[in-house]
Amino acid sequence: MNLINLPDNNGFFGSYGGQYIDKDLKEEFDKITNEFNKLKKDKNFIDELNYLLKHYVGRPSPVYFAKNLSKKYGAEIYLKREDLNHTGAHKINHSLGEALLAKKMGKKKIIAETGAGQHGVAIATAAALMGLECDIYMGEVDVIKEKPNVDKMRILGANIISVKSGQKTLKEAVDEAFIAYKKEYKTALYAIGSVVGPHPFPMIVEYFQSIVGKEARSQFLELTNTLPDYVIACVGGGSNSIGIFDGFINDINTKLIGVEPLGKGEKSGQNAASLTYGEDGIIHGFKCKVLKDEKGNIKDAYSIASGLDYPGVGPKHCYLKEIKRALYKTTDDKKALSAFFELSKTEGIIPALESSHAIAYAIELAKENKNKKILVNLSGRGDKDIEFVLNNKTSQ
Ligand SMILES: *Cc1c(COP(=O)(O)O)cnc(C)c1O
């Protein structure tokens, strides 16, 4: 399968992706593309990044054979432990890369938006490390709701801009961050939190996340002398899933499965499953599958896992679905919650609610595919979700 030349020069994966942005921003984004393509071949940049991934993030993260869970459900279930990274999830991989890119480009500041604050904490961490200023746009509603993450970002030295327009959540935060970036792009770099947004960001974030799949493939071979039958990851914007899929993309016998959040269930219409229910459309400067209402307007996404809560999805996933190299399935809130407790109680690992979606689907698959080998990307740890899960459980 030749996916090597993707995206094309205009940032398209088939008909998805691209750059639906103003002319002056397009010039700046093309500059970022050129700089990134140069740095990718620069030994100093690669060495510096690899040094940080090893000594700061703690890579390689292990692949762990979940013996108890496997015994219970019949298939062999393995976990790629991104939850063990510094700051507790895969997001640090691309945040460090983006901050290093900003520094090499001579920028003084990172501009980013965040919803639940997870991208905000990862990018504020990377900015602190690189000595960059960091402006984080966040809806006023989220600033109140996500206080622990807001506190962390402030401790890390980030400047939180509370956005008071419209619904005061992620969408308005993205809009405001873009307005600010347009004024400051000469001295700032916009740091997107997943494989979404205008070209070159899906390509850049994928590059920094592909380490996950690269490590996982060789670790899996070392452990088992074979490759997994299935590789499973949850899909929000799609960065942890694309990262692990990349390692196995040419292994045709390994099935790649992305798990989208079905939220309150199929009939409720409240979900964030863009690949399953979305239509082609443009959101935040790129083309992908987007959730829309009856009038064709972009619909609010919903999931119990706020990190999966996005009405669009990375363009490469749209393409992988179209060419059938990856399959996309769904898990609802309830199943994700039950997988959260299942992994905690059987293996002593508390997963993030996002990752719990992948675990839930892996358990279903294991019941029907005894003796198969399933590798799950455990994208993050669940410490951030504990208070919410306990409150939610008692109210059920
Ligand atoms: C943000 C987040 C996700 C979803 O983002 P992707 O870009 O789809 O990977 C998944 N898991 C965790 C732990 C997250 O923090």
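Tabulated results
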quantity: Which numbered condition LYS103 fails, given (1) within 30 Å of LYS186 (Cα to Cα); (2) open to solvent by less than 30 Å² (accessible area, probe 1.4 Å); (3) away from the ligand (no atom under 16 Å from the Cβ); calculated: (2)
quantity: One residue from ASN240, ASN271 being part of a loop (DSSP other than H, G, I, E, B) and under 22 Å from the mean Cα position of the chain (by Cα); calculated: ASN271
quantity: Unmet requirement for LYS72, which otherwise passes all of (1) closer than 30 Å to SER356 by Cα; (2) assigned by TED's automatic domain parsing to the domain that holds VAL195; (3) open to solvent by 70 Å² or more (accessible area, probe 1.4 Å); calculated: (2)
quantity: When residues of region 308-317 are limited to those that are in a helix (DSSP H, G or I) and in contact with a Pro (Cβ under 8 Å, 6 or more places away or on another chain), the one farthest from TYR207 (Cα to Cα); calculated: LEU308
quantity: Among (1) open to solvent by 10 Å² or more (accessible area, probe 1.4 Å); (2) within 16 Å of the ligand (Cβ to nearest atom); (3) closer than 24 Å to ILE111 by Cα, the one test that ILE211 misses; calculated: (3)
quantity: Odd one out for ASP300, checked against (1) within 20 Å of ALA116 (Cα to Cα); (2) within 16 Å of the ligand (Cβ to nearest atom); (3) of a type in the set (D, E, K, R); (4) open to solvent by 10 Å² or more (accessible area, probe 1.4 Å); calculated: (2)
quantity: Qualifying residue in region 24-33 (condition: touching a residue at least 60 places away in the same chain (Cβ under 8 Å), open to solvent by less than 40 Å² (accessible area, probe 1.4 Å) and under 18 Å from the mean Cα position of the chain (by Cα)); calculated: no
quantity: Search result, residues across region 344-355 that are over 21 Å from the mean Cα position of the chain (by Cα) and touching a residue at least 24 places away in the same chain (Cβ under 8 Å); calculated: SER344, THR346, GLU347
quantity: Candidate set: region 318-372, residues that are part of a helix (DSSP H, G or I) and hydroxyl-bearing (Ser, Thr, Tyr); chosen: the one farthest from LYS80 (Cα to Cα); calculated: TYR319
quantity: Residue count, region 304-343 (criterion: open to solvent by 10 Å² or more (accessible area, probe 1.4 Å), in contact (Cβ under 8 Å) with a residue 40 or more places away in the chain and among the polar types (S, T, N, Q)); calculated: 2
quantity: Condition met for ALA122 (within 23 Å of ILE304 (Cα to Cα), open to solvent by less than 70 Å² (accessible area, probe 1.4 Å), at pLDDT below 95 and of a type outside the set (S, T, N, Q)); calculated: no
quantity: From the options GLY193, GLY197, residue that is open to solvent by less than 10 Å² (accessible area, probe 1.4 Å) and either under 18 Å from the mean Cα position of the chain (by Cα) or under 16 Å from PHE29 (Cβ atoms) (or both); calculated: GLY197
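Per-residue answers, yes or no, for (1) in contact with an Asp or Glu (Cβ under 6 Å, 6 or more places away or on another chain); (2) at pLDDT 95 or above; (3) surrounded by fewer than 19 Cβ atoms within 10 Å (Cβ to Cβ):
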| position | (1), (2), (3) |
| --- | --- |
| GLY238 | no, yes, no |
| ASP246 | no, yes, no |
| ASP251 | no, yes, yes |
| THR276 | yes, yes, no |
| GLU279 | no, yes, yes |
| ILE282 | no, yes, yes |
| PHE286 | no, yes, no |
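The values are calculated or read from the model by the stated rules, or taken from the named source; none is laboratory data. What you are looking at is a predicted structure, and each value in this text was computed from that prediction instead of being measured. Backbone-built Cβ (ideal geometry, glycine too); neighbour counts: all protein chains shown. Areas reflect the complete protein model, heavy atoms only, side chains present, ligands, DNA and RNA absent. Shrake-Rupley method; radii C 1.70, N 1.55, O 1.52, S 1.80 Å.
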